[in-house]
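The values are calculated or read from the model by the stated rules, or taken from the named source; none is laboratory data. This is a predicted model, so every value here is computed, not measured. Positions of Cβ are generated from backbone atoms using ideal geometry, with glycine treated the same way; all protein chains shown enter the neighbour counts. The accessibility values were calculated without ligands, DNA or RNA, using every heavy atom of the protein model including side chains. Shrake-Rupley method; radii C 1.70, N 1.55, O 1.52, S 1.80 Å.
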Amino acid sequence: MPELKKSACILCYINCGIEAEVADGKIVKVRGDADNPKSKGYICQKAARLPFYNNTRGLRLTKPLRKNKAGGFDEIEWDVAIEEIAARLNAHRAAHPGHGFGYVGGGGQGNVLGGPFGQALCAVMGKGPYFNALSQEKTGDFWVNGRLFGSQACHTAEDVHHAELTVVLGCNPWMAHGFPRARDAMSAIKRDDSRKLIVIDPRRTEVADIADLHLALRPGTDAFLLAALLAMIVRRGGADEHFLQEHATGWDEVRAMLLDVPVDAWLEAAQIDRAQAEAAADMIVAAESMSVRVDVGMQQARNSTLNSYFEKLLFLVTGNFARRGCNGLHSWLAPMWRNSPPAEIDEATGQVRIGGISPLNDLPTLIEADHDHRIRTMVVDSSNPANTASNTAFVEKALSSLDMLVVIEVAMTETARLADYVLPAANQFEKCETTLFSFDYPENTFHLRRPLFAPLPGTLPEPEIYVRLLRAMGVMPPQDKIDALRAVATNDRPAFGAALAGLMRENPAYRKIGAAILYETLGQTLPAGLEAGAVFWSAAHQCAAEHAVAVKRAGIDGEGAALGEAIFTKIMESPSGFVFSEHEYDEVLGLIRHADGKIHLAIPEMLEWVDRLDPAQVAPDPAFPFMLIGGQRRHYNANQVIRDPRWRKNDPNGALQMHPHDLARVGGNPGDWMAVSTITGRVVVRVETDERLRIGQVALPHGYGQIYDTVRGAVTIGPRLNMLTTTDDCDPIARTPYHKNVAVQVELPTAQELRDQEEQDVRRSLLAEALVASG
């Protein structure tokens, strides 16, 4: 009989709670977990397809692999793999002390618990670049938050469920979610005449269908439209002068900048009628509460960091901050990123790190740079930069040139194909994991997920892999000290903190590998399968120290260290997750980290950027007349984590979508193959029509481009989108790529390209047969 177990969805960062029916090592059925305090039983259609992630054993890696001289892979034993990799890591440390090691990982949308252990390895190897998906999308936002609120770890959230007015910028919550129970929230707005919705998006999305006002701006002109709206709000007296006087500095400079905006010229650049913009400004000024929801549609668009600045000004200038139904700052149990000082740079390029993270966009440059501190050795964990980083050809060339590339993965990804060693990991339902994307306020939640199954034979959870590597490198404490500390954790938990601190004082180098020490000591005293959760012991105590009042308001009792222990106990005993903090709305102002406790509105780099804004900068390129949304979210695409292409109920090819007028203009028909090209590369894709798109706008989804082997050779499922993108077209501060505004040409493919696709179709059929045969 199937057994019901609690976990979470892994296909977007909301990580809705699920109940999975499991039997014989497989997920039979998925439904929402009503006990989850964040999602409350809600899931979308994608979660129902999670069995395709867990159950397709034929695509799993179950033996460590080492590349041979012929370019293929040989299976080796775990002890051999760990010993060889550790020896080469130590050789790198000796030859390039403190430099030349790069790391891509730290987790994905639900696969994050390996991150602290990977960071421990990074700390041992030196101060080389650390990359993850956030630095491909979000670091411009973090940079703005750091300047406004005093720390890049300050992060804004929205209270859409209680907002009178919701403004949706560059995202589609119906498809992309982005906040808990997004479709429920949108439906509630639609049913309530007292609540309003503004959507700012070039495409008429599903959310735009229910909006009171849709501003269908020209792609790439977000900064112009937002600046014009802010200027109109200020000119009609919509600034909340009391809030700004009480809680902000720099308002005079910002007001002067906004009053100088050429509203009509910038509305014309965005191709928005003045009357529409006036209506939007009126709605914003009239609203008693407003939440602004934004995502990568604006954060990966042209002028992305400036876009983030204007987005924040929209709710700050109007006083829609730290109130019910407005935006605010959220607490953390364990921060996902940190604050980087201005001096923290990637030495091979001079690029500033943001949140402690290097731009993924710079990965190939940092490998190929003519610099002593270029990357020579790299570990990639639960990431696939060969598909997800800009300019796939450049990335593959760079990765192939490394002295050593180690990939930790569940399947043979496009990056793993380039590796010197591939280490097979347990999947997300075969190990302890966490939903670390806790971005909610005024209540915030945390969820440590229990394993649904034992690891597939031959695989290991990432924490265990890293601890074995660190032990083989000779950097772990002697076993007798580990045993002594474990005994304290077992027999005298209140004394554990002091004993751990004593070990760190004895050898300060152990601070770098604190996650591994906690795993080997406290972790071994925890319930089986939850050993890696020990890393949250210190986070629980830090949270108790920083947010004691909010933690107690959430129903967790204790004082001082006892409160920290109570949080940690709650983590271990809450299979559906729990609320760890509950702030009053105005209390989140106390999360501002500037010494004066105020929001610093005037950011010199942003004010100077506004002075440079020119509509000519976003003029269309006649050679590449279409504007591509690179990485559109659809019904059945997600991250790269599901390797079985059968999980998609529709859009199996990841089709190019075009307005019918545009498709007719280039001589194509729905279902045809079409060629999409840029200055960087060219892909051939199926095409469909979508009347929701603006004329001149086209779209390709993310999450495709996986390569599989068949008896007739390799086959690719869907577009390898980053064959089209370049590392150069990016934000000047964060180097975030402008993936949502890629200038492309669309044309009929050549005869040879059509023949190539005919062969690929044969191989796709062979792959489908092989997947059925493998179960």
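Here are the numbers:
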| read-out | value |
| --- | --- |
| Order of exposure, largest accessible area first, which applies to Ile679, Ile27 with probe 1.4 Å | Ile679, Ile27 |
| FRET efficiency, Ala256 to Gln276 (Cβ-Cβ, R0 30 Å, nearest 0.05) | 0.70 |
| Dipole moment magnitude, nearest 20 debye, the range 341-466 about Cα centre, only Lys, Arg, Asp, Glu C-beta charged | 300 |
| Over the range 680-774, equivalent-ellipsoid semi-axes from the Cα gyration tensor in Å | 29, 17, 13 |
| In Hz, Karplus ³J(HN,Hα) per residue of the range 649-660 (6.51, -1.76, 1.60; θ = phi - 60°; x = Gly, Pro) | 6, 9, 6, x, 9, x, 5, 6, 10, 9, 5, x |
| Spin-label proximity, Thr710 to the range 624-645 - amide N less than 17 Å from point 7 Å beyond Cα toward beta carbon | 644-645 |
| The range 106-136 versus the range 376-433: alpha-carbon centroid distance in Å | 13 |
| Cα centroid separation - the range 137-188 against the range 637-678, whole Å | 28 |
| Cα centroid of the range 588-616 to Cα centroid of the range 331-351, whole Å | 18 |
| Tensor-based shape of the range 387-544 (alpha-carbon gyration tensor, a/c under 1.5 rounded, otherwise prolate or oblate) | prolate |
| Spin-label pair Asn507/Ala768, simplified geometry with 7 Å Cα→Cβ offset, distance in nm | 5.7 |
| Environment charge of Gln119, counting only residues whose C-beta is closer than 13 Å and scoring Lys/Arg +1, Asp/Glu -1 | +2 |
| 5 angstrom amide H check on Val294, placed H, neighbours 5+ away | Leu169 |
| Proximal aspartates and glutamates to Lys67, defined as alpha-carbon separation beneath 14 angstrom and excluding residues fewer than eight positions away on the same chain | Glu75, Glu77, Glu84, Asp403, Asp420 |
| Karplus-derived 3J(HN,Hα), 6.51/-1.76/1.60, for each residue of the range 586-602, Hz, glycine and proline x | 6, 5, 5, 4, x, 7, 5, 10, 5, 4, 8, x, 10, 7, 9, 6, 7 |
| Distant-in-sequence amide H partners of Phe580 (H built 1.01 Å from N, under 5 Å) | Asn444, Thr445, Phe446 |
| Calculated from backbone phi, Karplus (6.51, -1.76, 1.60) coupling profile of the range 317-332 in Hz, x at Gly/Pro | 4, 8, x, 8, 8, 6, 9, 4, x, 10, 7, x, 8, 10, 7, 10 |
| Debye log10 I(q)/I(0) at q = 0.07, 0.08 Å⁻¹ for the chain, Cα point scatterers | -0.49, -0.66 |
| Ordering of 323-329, 335-341 by burial proxy (mean other Cβ atoms within 10 Å per residue, highest first) | 323-329, 335-341 |
| Distant-in-sequence amide H partners of Ser289 (H built 1.01 Å from N, under 5 Å) | Glu164, Leu165 |
| Per-pair calculated FRET efficiency, R0 = 30 Å: Arg682 and Ser187 via Cβ, rounded to 0.05 | 0.15 |
| Exposure ranking of Trp174, Trp332 by accessible area [1.4 Å probe, largest first] | Trp174, Trp332 |
| Solvent accessible area, Å² - His99, 1.4 Å probe, full protein context | 40 |
| Beta bridge orientation in the chain: antiparallel %, DSSP, nearest 5 | 55 |
| When each of Lys63/Lys138; Lys190/Lys649; Lys40/Lys570 is checked by Cα-Cα distance, pairs over 26 Å | Lys63/Lys138; Lys190/Lys649 |
| Packing-based order for 404-410, 243-249, using average beta carbon neighbours within 10 Å, highest first | 404-410, 243-249 |
| Cβ-derived FRET efficiency at R0 56 Å, Ala664 paired with Arg236, nearest 0.05 | 0.80 |
| Segments 450-457, 703-710, 431-438 sorted - mean Cβ within 10 Å per residue, highest first | 431-438, 703-710, 450-457 |
| Share of carbon and sulfur in the accessible heavy-atom surface of the chain [1.4 Å probe, %] | 50 |
| Rel. contact order, % - alpha carbon contacts under 8 angstrom, at least six apart, the chain | 17 |
| Solvent-accessible ranking of Tyr466, Tyr519, largest area first, probe 1.4 Å | Tyr519, Tyr466 |
| Ellipticity estimate at 222 nm from DSSP helix runs (n ≥ 4, -39,500 (n - 2.57)) divided over the chain, nearest 500 | -10000 deg cm²/dmol |
